[in-house]
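Scroll down for the structure; my scribbles are underneath it.
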Amino acid sequence: MAVIEVPEPYTALGAGLDDIEDIWRLMVTVNMSESGTPGFGFTEIENWLTGDWIEIGEDVAIVRDGSGAIVAVELFDSREPYVRPIAIGGVHPDHVGRGLGHALLSWAKRRAKDQIDKAPPDTRVTFGSYSAQAHKPSTTLMSDMGLEFSRYFMDMEIEFDGHPVAPQVPDGVTIRLFDPETELAALALVTQEAFRDHYGFVESPMETRISRLQHWMNATDHDPALWWVAEEDGELVAHNLCFDSNEGDQTVGYVGTLGVLRSHRGRGLGRALLLTSFGEFYGRGKKGAALGVDADSLTGATQLYESVGMHSGVRYAGWELELRPGLELATVEIAAD
């Protein structure tokens, strides 16, 4: 890992697998201070930092204080085709104002610049990050580092006050559990196509998408009874991949990815899948459900979630810096048919 200059008595170095739990505890402390929510459950951080897109010793920088405790972290995530690298980090509230956040974000920014040549020629490359909307030190840091505000993302949630409404499945469509033995490639395809209209989507090789699904399926928090697909005429046309807890809270279910092919939108299929998961969560004794969404969703997802009784929670600001102009590979608007 490149040298990261931090003031004494701090030291910056690359993380190791043995540091994952301490990184998670730090991130929870940071998030509780900045937004009032944990932000991550342990398995979420574990899944992220053990993916094949992360080389933990090079992509995760940690800062230790004089006692050896981890007091700051920066996670650098750059995935093929390498046109939208991001960094997410945090500094323990007791150590804010000592230049640690600036040092770590500067490192991530340099790392993104050093990898520009990995992106396809003549394509636009950006560097992005996120901050809690209301946390002034973070928003000031982003601005000082040259990043510009791009859009808001937010958590949405619902508290069940009785059995959720039964889903109304469109005629000709079957909602059922995903079959990992025969449908892995089909699920990889439908997740890619369903999310093609989401802001920031960048197409990746099919083998990469399959590998990421397999990584999720091998995770300790994977529950195959919470992965649904919608089928019509023998083809998968939508999916809803959920988890049994939200940010470590076992009393709340989490909707991980919900997507419907553009050709099948407007028929109530997304609503039916969402209510299917709500019914399962309620049957497991959950008090509610949560998800994350682009606050200005290009597909109108926020309106769908509001229509079933979900309301907005914590908001996060997305920040972006253009590193190289060129052909935009990411979705920034929905093209007309």
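Since every read-out is calculated from the coordinates, none of them should be taken as a lab result. The model shown is predicted, which means the values in this text are computed figures rather than measured ones. As a convention, Cβ positions derive from the backbone with ideal geometry for all residues, glycine included, and neighbour counts pool all protein chains shown.
Couple of notes before you dig in:
- A Cβ-based charge dipole, computed about the Cα centre of the chain with Lys and Arg at +1 and Asp and Glu at -1, lands at about 640 debye.
- Taken along the Cα-to-beta-carbon direction at a fixed 7 Å, the label points for residue 287 and residue 17 span 3.7 nm.
- Each of 42, 178 was scored by other Cβ atoms within 10 Å of its Cβ. Arranged with the fewest first, they read 42, 178.
- Using a Förster distance of 30 Å, the FRET efficiency for residue 214-residue 140 (Cβ separation, nearest 0.05): 0.15
- Taking label positions 7 Å along the Cα-Cβ direction at both residue 184 and residue 233, the computed distance is 2.9 nm, reported to one decimal.
- Among 47, 31, 246, residue whose mean-square fluctuation peaks in a GNM of the chain (springs only between Cα atoms under 10 Å): 47
- Taking the three principal axes of the alpha carbon atoms in region 11-146, the coordinate ranges are 44, 32, 27 Å, sorted in descending order.
- If the chain linking residue 8 and residue 159 were pulled fully straight, counting 0.36 nm for each residue of separation and taking away their Cα-Cα distance, it would gain 49.7 nm.
- Remark: the residue 249-residue 171 segment gains 24.5 nm on full extension, using 0.36 nm per residue and subtracting the alpha carbon distance.
- Taking the longest Cα principal axis of the chain as reference, the axis of helix 269-283 is set at about 80 degrees.
- Three-way shape call for region 75-201 based on the alpha-carbon gyration tensor, with the a/c threshold at 1.5: oblate
- Cα gyration tensor category, rounded, prolate or oblate, for region 157-318 with a/c compared to 1.5: rounded
- By the compact-protein rule of thumb, 2.2 N^0.38 Å, the alpha-carbon radius of gyration of the chain corresponds to a ratio of 1.01.
- Among 270, 283, 259, the largest mean-square fluctuation in a Gaussian network model of the chain (Cα springs under 10 Å) belongs to 283.
- Considering only 177, 17, 147, the mean-square fluctuation computed in a Gaussian network model of the chain, springs between alpha carbons under 10 angstrom, is largest for 17.
- You can think of it this way: the chain between residue 329 and residue 308 has 4.2 nm of extra reach, that is 0.36 nm per residue less the Cα-Cα gap.
- Separation in nanometres of the label points that stand 7 Å from Cα toward Cβ, at residue 204 and residue 152: 2.9 nm
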